[in-house]
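**Q** Before anything else, here's the structure in question.
The values are calculated or read from the model by the stated rules, or taken from the named source; none is laboratory data. The structure presented is a predicted model; accordingly, all values stated were derived computationally and were not measured. Here the Cβ positions follow ideal geometry from the backbone for every residue, glycine too, while neighbour counts run over all protein chains shown. Only protein heavy atoms, including side chains, enter the accessible area calculation; ligands, DNA and RNA are left aside. Shrake-Rupley method; radii C 1.70, N 1.55, O 1.52, S 1.80 Å.
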Amino acid sequence: MHSYHKFNTTKASKHKKIVSLMAGSLLLFQTFLTGNSVLAQQKNQPITFSDLLTSLENGEVKRVSIDRSTNIAYVYLVGENQAQPRKVKLFNDNNPELISKIREKKVDFAMESSAASTAALLNTMQLGVLLLLIIGLFILIKKSANSAAGAMNFGKSRAKFQMEATTGVEFKDVAGIEEAKEELQEVVVFLKTPDKFTAVGAKIPRGVLLVGPPGTGKTLLAKAIAGEAEVPFFSISGSEFVEMFVGVGASRVRDLFKKAKENAPCLVFIDEIDAVGRQRGTGIGGGNDEREQTLNQLLTEMDGFEGNTGIIVIAATNRPDVLDSALLRPGRFDRQVIVDYPDLNGRLGILDVHAATKKIAPEVSLNTIAQRTPGFSGADLANLLNEAAILTVRRRKEAITMSEIDAAIDRVIAGMEGTPLVDSKSKRLIAYHEIGHAIVGTFTKGHDPVEKVTLIPRGQARGLTWFTPDEEQGLVSKSQLFAHITGLLGGRAAEDVIFGDDEITTGAGNDIERVTTLTRQMVTKFGMSTLGPIALEGEEQPLFLGNDNVNRSEYSQEIAEKIDLQVRKIVFQCYENAKKIIRENRGLIDNLVDLLIEKETIEGDILRQIVTNYSQKQSILTK
Ligand code: ADP
Ligand code: MG
Ligand code: ZN
């Protein structure tokens, strides 16, 4: 992954927003009740403007309050119920005559937006809310009526699967996952010439499970197989099986396979199979009947087609660990093909595929892009080139240049660019935080070089420091991990040293999370602490399976405490190192922060230049 540190806004603020919204709607309903009673109280006899002037003249008026929004004066007469003022309709805002009269008689006077008018406004708002509610209800009723109707004829397929006679995708459109492609060549041959296999009595796999993280080209690969074999492509997504009514999913599976048999040879693709294929009977609070029925039907169908009917089922998932073991038995999805993130060459290949349809300036090197995008999936890369193309149009350029590509890479990694903060204390703090990362990173041996530091927010982040990984790193050494942790802590260290412990912020939350995960792994997985080379984590799982941490607690309480101690030891040591670097380079950091606030972004080269100049000057001064 292209490593970067972001100073992010807390999730709590989002949460708060929702809560206050909810409170807002409660308030609305409360004022709905009281608003009316305010109106009721003001049932009073109106008087005319000249009556008012006369009463003023005669000293009968105690107080006048003018409502600017309705242009009504509320006149409180001496000796009358003060809760029921008289109303006088005024014709324009400033009634100089009235006001001077009021002044002259020294009558209490107020200009305000009355409760009544606010209540009226609120009432219209409530009406809007009510209307929305009613409309919402109607939609709901209609929807459930529709699905009820659907349930009536569920046996008859509302074909919820897609069929493509030809996919138009070929193997050459799929790049970067060569091993998976190779393994699946055989499937193509089978679909093309099933007879050859039948003749010699060879058994053909019926089901292939594509396992890999999202966006790596599983769907694309399945389509390419159908395309290469020139057979129809049936597809359905596991999440579409999970319906409201029991039996719908199962009947859909039946329909799907019926159609497939009619069209054999063909390829059936089941996306997100984990949605139906989860281990049965593990659901909390009773299993999901619907899902189990669907899964059973699927198993029945897969067992049902005898020998070489010419149907191959390909399923895709990123959670093979949750699949029901029955699915993986021989004769079902007994072949698993891993489709993983592409490596450098893979990314280059994928970029080649997608660049072919785009106009790219000759000086752009796809190789450079591939180098800058470790951890990108095929979909990310496709998206990257597309974003760059859109940006090119927006900038009215003829062809995509490196500048658009850079912008697109940043955007794919860290989200949309936002507007920078105006100069304020918090901008200064964020600047120190980011420069903290950059300087600690630069002064720590074994750390990746800074690519740039920026205060332009992106996505959730308010400031970012980007580092360029210098090569595709297969193995990472202990000292590199230490350097990485120290760099991650550089932001918080700067906050702490410069603003003091009381002023440290939530902005370091993401850094700290990553530090903790990484350090834990050093201790429990990589054997890099004094606990020695012992694996203390549960069984090894591919990284993309989500960090559920399901199988922790394989160790005793005593070991758990030891682990915590080791983790803390590493983190504290790195934090002290980071703070030391900040303290020793305070002057340099101050200069860089000023520059960053002025320019918003500092490129890595410029940063390194400034660092070198500064240390030269320092060494001359100290001589
Ligand atoms: P998955 O099914 O694994 O989530 P998809 O096959 O839907 O991923 O990929 C989405 C898009 O990303 C594809 O349509 C294609 O444009 C692009 N893509 C993904 N992987 C590759 C690849 N290996 N080669 C070329 N393009 C790819
Ligand atoms: Mg897919
Ligand atoms: Zn940070």
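**Q** By the scheme Lys and Arg +1, Asp and Glu -1, what is the net charge of all other residues having a beta-carbon under 10 Å from that of Val412? Kindly include the intermediate steps, with their values, before the conclusion.
**A** On the way: positive: Arg411; negative: Asp380, Glu387, Asp410.
Summing Lys/Arg as +1 and Asp/Glu as -1 gives -2.
**Q** List every residue whose amide H lies under 5 Å from the amide H of Leu77, counting only residues 5 or more places away in sequence or on a different chain, with H placed 1.01 Å from N in the peptide plane.
**A** So Leu77 has HN proximity to Lys62, Arg86.
**Q** Right, next: Please find the FRET efficiency linking Ile534 to Glu576, where r is the Cβ-Cβ separation and R0 is fixed at 35 Å, and quote it to the nearest 0.05. Could you put the intermediate results ahead of the total?
**A** On the way: r = 27 Å, r/R0 = 0.76.
With R0 = 35 Å, the Cβ-Cβ based efficiency is 0.85.
**Q** If packing is taken as the mean number of other Cβ atoms within 10 Å per residue, what is the order of 391-397, 404-410, highest first? Kindly include the intermediate steps, with their values, before the conclusion.
**A** Values: 391-397: 13.0, 404-410: 20.9.
The densest-packed peptide leads the list: 404-410, 391-397.
**Q** Provide the per-residue ³J(HN,Hα) series for segment 403-417, in order, calculated from phi with Karplus coefficients 6.51, -1.76, 1.60 and θ = phi - 60°, each as a whole number of Hz, with x at glycine and proline positions.
**A** 5, 5, 5, 4, 4, 5, 4, 4, 5, 5, 6, 10, x, 5, 6
**Q** Heavy atoms only, probe 1.4 angstrom, no DNA, RNA or ligands counted: give me Met302, Met416 ranked by accessible area, highest first. Can you show the working numbers first?
**A** Numbers: Met302 0, Met416 115 Å².
The ranking, largest first, comes out as Met416, Met302.
**Q** Same structure, new question: R0 = 45 Å: FRET efficiency of Ile620 with Lys599, Cβ-based, nearest 0.05? If you can, show how the numbers build up before the last one.
**A** Working: r = 26 Å, r/R0 = 0.59.
The pair Ile620/Lys599 has a calculated efficiency of 0.95.
**Q** Past the 21 Å Cα-Cα mark, which pairs from Lys452/Lys569; Lys525/Lys569; Lys181/Lys218; Lys196/Lys223; Lys203/Lys259?
**A** Values: Lys452/Lys569 31 Å; Lys525/Lys569 16 Å; Lys181/Lys218 10 Å; Lys196/Lys223 23 Å; Lys203/Lys259 23 Å.
Check vs 21 Å cut-off fails for Lys452/Lys569; Lys196/Lys223; Lys203/Lys259.
**Q** With the crude spin-label approximation of a point 7 Å out along Cα→Cβ, what separation in nm comes out for Gln82 versus Leu565?
**A** About 7.3 nm separates the two model spin labels.
**Q** Work out the FRET efficiency for Arg514 and Leu127 from their Cβ-Cβ distance, taking R0 = 51 Å, and round it to the nearest 0.05.
**A** About 0.55, to the nearest 0.05.
**Q** I need the peptides 70-82, 507-519 ranked by packing, meaning the mean over residues of other C-beta atoms within 10 angstrom, with the highest value on top.
**A** Values: 70-82: 15.9, 507-519: 18.5.
The peptides rank, most packed first, as 507-519, 70-82.
**Q** Using 7 Å Cα-to-Cβ label points, what is the Met111/Gln557 separation (nm, one decimal)?
**A** In this crude label model, Met111 to Gln557 measures out at 7.2 nm.
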